[in-house]
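Here's the structure we're looking at; comments come further down.
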Amino acid sequence: MEIKTNEHLTQAVQPALKEIKVVKRDGRHVIFDDQKIYDALVKAETKIHGTLDPLAFERIQSLVERVDAEIAQRFADNVKIYEIQNIVEHTLLENNEYELAEEYINYRTRRDFQRSKATDINFTIGKLINKDQSVVNENANKDSNVFNTQRDLTAGIVGKSIGLKMLPPHVANAHQKGDIHYHDLDYHPYTPMTNCCLIDFKGMLNNGFKIGNAEVESPKSIQTATAQISQIIANVASSQYGGCSADRVDELLAPFAQLNYEKHMKDADEWIETQAKRDAFAKQKTQKDIYDAMQSLEYEINTLFTSNGQTPFTSLGFGLGTNWFEREIQKAILQIRINGLGSEKRTAIFPKLIFTLRRGTNLNPEDPNYDVKQLALECATKRMYPDVLNYDRLIELTGSFKVPMGCRSFLQGWKDENGEEINVGRMNLGVVTLNLPRIAMEADGDQAKFWSLLEERLAIAKDALVFRVERCKEATPANAPILYQYGAFGKRLKRNGSVDDLFKNKRATVSLGYIGLYEVASAFYGGAWEHDPAAKAFTLDIVKNLKQHTDAWGDEYGYHFSVYSTPSESLTDRFCRLDTEKFGIVKDITDKEYYTNSFHYDVRKNPSPFEKLDFEKDYPQYCSGGFIHYCEYPMLQQNPKALEAVWDYAYDKIGYLGTNTPIDHCYACGFEGDFKPTERGFECPQCGNHDPKTCDVVKRTCGYLGNPQQRPMVHGRHQEIASRVKHMK
């Protein structure tokens with residue numbers, strides 16, 4: 001659809017209109033812009049007649065000028081939006097533009113209906129009952145067939161409808177229109193829940209805690225320690241809505257493994273004569289204890305279902321420990337994942353494994369844990385996990401070392417009042433994401449207008465994020481005892497304490513997300529812009545601008561506002577779908593039916609891993625509140641050295657790297673590799689099998705792995721994965 005700019009206001013009308021502000025439905029005052037009237041009429045005319053000729057544009061321009069003249073005559077300062085719409089309608093009717101008037105009025109009516117439906121619980125419940133894809137498949141790791149997920153989806157519909165009414169009107173309006181996305185509306189603000197966190201497992205295991213009616217003492221073995229960890233994860237995941245992580249789990253569990261060793265040594269002292277044999281006996285027994293404990297943890301996490309109807313989004317970080325116990329824990333984690341789940345040896349979806357590379361520890365052949373790195377490489381080629389953190393670069397980017405809180409949300413370096421660096425026990429209060437491609441298309445090639453519109457949207461996003469913080473502060477410790485009273489969030493509060501004590505002074509983060517830098521640059525520089533220095537600089541200026549704003553907000557409010565590269569999942573579809581309705585099919589933007597996650601290289605162009613990393617490495621310094629890089633590979637199981645070459649190349653360049661490689665398996669014919677994406681799901685390219693019972697299909701659906709064969713993805717995300725599969729061959 002061609003949209004021309006209306007630039008022909010009369011000299012008499014133009015100055016008067018510049019003084020007029022439009023009062024929006026949500027109470028905002030914005031500068032009057034007759035281009036929006038012009039665009040709406042062009043869109044309506046195009047729907048009626050298809051492609052327009054120059055005379056049609058001139059006719060619409062004349063109509064807009066008549067609307068402008070009446071507005072300038074009747075209003076001196078403020079005009080309400082419905083008054084503008086009434087003037088447009090009667091202007092069309094007075095000029096015998098009956099078809100155009102009907103389409104314009106119908107469009108406005110449809111928009112009003114859509115707004116009402118979003119807060120109509122009965123309407124959305126009907127969509128759930130009818131298994132509408134946008135409702136049942138919004139989260140790729142929720143199985144909408146099971147009762148507890150259905151119950152959670154039903155509760156989520158109620159929470160979302162009420163939450164939209166609780167939000168500031170201009171925030172709710174921006175979310176419904178697709179200018180921004182207020183994440184997790186099914187939970188927040190209806191409840192003052194927090195998002196994701198790094199659980200303080202060390203404090204809880206060493207000092208004891210309480211779950212329900214049980215007072216839990218410090219464990220006396222690694223088996224008990226991992227059992228307690230799984231219970232903590234289940235309860236934390238039911239008390240928040242985001243992911244949770246165990247940081248440096250090898251170092252965390254090593255003291256409890258040592259208790260096992262000491263117990264076995266006592267037995268050995270009684271029955272075995274020589275010290276060397278006693279030590280060997282105790283280590284052999286402890287090694288089995290470690291393996292069994294870590295295997296139990298893997299199975300327990302994968303069989304947990306939280307109150308929100310899904311397996312807890314859990315990550316385990318490890319790799320820095322160098323003593324015998326720590327090394328054995330690392331090797332057990334990796335070998336268990338390689339071996340797979342159950343008799344069919346399926347790939348475990350959770351927990352996400354995050355292995356840390358560090359020069360002097362495991363990076364190079366002379367390092368003491370280089371053998372563990374080799375096992376990690378084997379595991380990644382067969383199971384896609386572990387992702388890797390590059391120790392030195394991560395500290396440069398975020399100010400301290402720690403694993404992400406679940407998927408990709410990173411805490412920034414922070415010290416308490418005693419000057420002690422604190423990472424575990426901290427949390428995120430939620431995310432609001434900007435629709436950057438929409439701003440680019442609205443700017444219509446004018447970068448000055450892009451920056452002006454971005455400033456307007458950032459003001460709305462700021463209000464949304466501040467609202468998230470204020471709502472979270474309304475919780476009480478009694479709302480989530482495991483978090484606030486029993487140690488998951490570190491400092492333990494009294495039942496009547498203030499949860500803000502754990503949020504303020506930048507202890508907690510709240511995140512400004514963004515999506516679609518690729519599409520933004522495409523709007524101004526064309527779809528093949530990646531090697532254009534001016535285009536790259538423009539995209540870097542955007543994330544730099546976001547960081548400048550969040551830094552200022554943090555200083556103003558005392559919470560850490562961070563820039564977050566949103567793992568968009570269903571949002572890749574939602575924003576693109578809404579923008580397709582608004583702008584039509586736009587080459588390299590809406591024509592793909594999805595938007596590109598954050599700063600990632602266009603998946604259709606099949607860059608080499610090295611090219612992709614070199615391109616993406618410049619962005620995370622401005623979005624260190626959340627980021628990850630992925631590289632695409634063919635099957636790597638016979639060539640782990642190829643993956644190691646990429647890991648080594650990335651070490652000093654990026655902080656966080658994931659692996660995408662085909663690991664699908666067909667149990668019907670034995671095929672291993674990459675299943676073919678089809679309309680009915682993924683199928684074996686060798687025998688056509690697509691039965692979830694006899695095939696194991698694992699893809700990355702956001703920062704985690706997912707099984708799209710069992711839990712279908714929304715259409716746009718499915719298309720992005722299909723595109724990636726096609727172009728990596």
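In this structure, GLY406 does not satisfy being part of a loop (DSSP other than H, G, I, E, B) and in contact with a helix residue (DSSP H, G or I) (Cβ under 7 Å, 6 or more places away or on another chain).
If I ask for residues that are surrounded by fewer than 20 Cβ atoms within 10 Å (Cβ to Cβ) and in a loop (DSSP other than H, G, I, E, B), which ones from region 415-431 would you list? Answer for region 415-431, where residues must be surrounded by fewer than 20 Cβ atoms within 10 Å (Cβ to Cβ) and in a loop (DSSP other than H, G, I, E, B): ASP416, GLU417, ASN418, GLY419, GLU420, ILE422. Of note, SER144 does not satisfy the criterion of being part of a helix (DSSP H, G or I), of a type outside the set (Asp, Glu) and either farther than 21 Å from VAL499 by Cα or modelled with pLDDT under 75 (or both).
Taking the criterion of being farther than 21 Å from ARG248 by Cα and either part of a loop (DSSP other than H, G, I, E, B) or more than 33 Å from the chain's Cα centre (by Cα) (or both), the residues of region 196-229 that qualify are GLY212, ASN213, ALA214, GLU215, VAL216, GLU217.
The listed residues are LEU316, LEU334, and the only one of them that is within 25 Å of CYS695 (Cα to Cα), crowded, with 17+ Cβ neighbours inside 10 Å and at pLDDT 90 or above turns out to be LEU334.
Within region 570-595, restricting attention to residues that are surrounded by fewer than 24 Cβ atoms within 10 Å (Cβ to Cβ) and closer than 24 Å to MET405 by Cβ, the residue that is modelled with the lowest pLDDT is SER570.
Here's the yes/no breakdown for (1) modelled with pLDDT of 95 or more; (2) crowded, with 17+ Cβ neighbours inside 10 Å:
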{"residue": "GLU366", "(1), (2)": "yes, no"}
{"residue": "LYS373", "(1), (2)": "yes, yes"}
{"residue": "CYS379", "(1), (2)": "yes, yes"}
{"residue": "TYR391", "(1), (2)": "yes, yes"}
{"residue": "CYS407", "(1), (2)": "no, yes"}
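If you go through region 461-500 and keep only what is part of a helix (DSSP H, G or I) and among the aromatic types (Phe, Trp, Tyr), you end up with PHE467, TYR484.
Pairing each residue of region 259-286 that is outside any helix (DSSP H, G or I) with any residue that is aromatic (Phe, Trp, Tyr), provided the two are 6+ apart or on different chains, yields C-beta distances under 9 Å for ILE272/PHE281. Among the residues of region 608-621, just one is hydroxyl-bearing (Ser, Thr, Tyr) and buried (at least 22 other Cβ atoms within 10 Å of the Cβ), namely TYR619.
Looking across region 440-465, the residues that are more than 26 Å from GLY527 (Cβ to Cβ), among the charged types (D, E, K, R) and in contact (Cβ under 8 Å) with a residue 12 or more places away in the chain come down to GLU456, LYS462, ASP463.
Pull up region 513-539, narrow it to residues that are among the acidic types (Asp, Glu) and in contact (Cβ under 8 Å) with a residue 40 or more places away in the chain, then point me to the one that is farthest from THR433 (Cα to Cα). Residue satisfying both the conditions and the ranking: GLU530.
Restricting ALA534, ALA521, ALA448 to those that are surrounded by fewer than 19 Cβ atoms within 10 Å (Cβ to Cβ), in contact with a Phe, Trp or Tyr (Cβ under 9 Å, 6 or more places away or on another chain) and in a helix (DSSP H, G or I) reduces the list to ALA534. Taking region 471-491 as the range and being surrounded by fewer than 20 Cβ atoms within 10 Å (Cβ to Cβ) and either under 22 Å from the mean Cα position of the chain (by Cα) or of a type in the set (Lys, Arg) (or both) as the test, the residues that pass are LYS473, LYS491. Evaluation of TYR385 against the conditions (1) in a strand (DSSP E or B); (2) hydroxyl-bearing (Ser, Thr, Tyr); (3) in contact with a Cys (Cβ under 9 Å, 6 or more places away or on another chain) shows that the sole unmet condition is (1).
Taking the criterion of being aromatic (Phe, Trp, Tyr) and buried (at least 24 other Cβ atoms within 10 Å of the Cβ), the residues of region 162-213 that qualify are TYR182, PHE201, PHE209. Scanning region 648-664 for residues that are in a strand (DSSP E or B), in contact with a helix residue (DSSP H, G or I) (Cβ under 8 Å, 6 or more places away or on another chain) and over 12 Å from LEU613 (Cα atoms) gives THR659, ASN660.
The values are calculated or read from the model by the stated rules, or taken from the named source; none is laboratory data. The shown structure was predicted, so the numbers you read here are calculated from the model rather than taken from an experiment. Please note: Cβ atoms are built from the backbone with ideal geometry, for glycine as well, and neighbour counts cover all protein chains shown.
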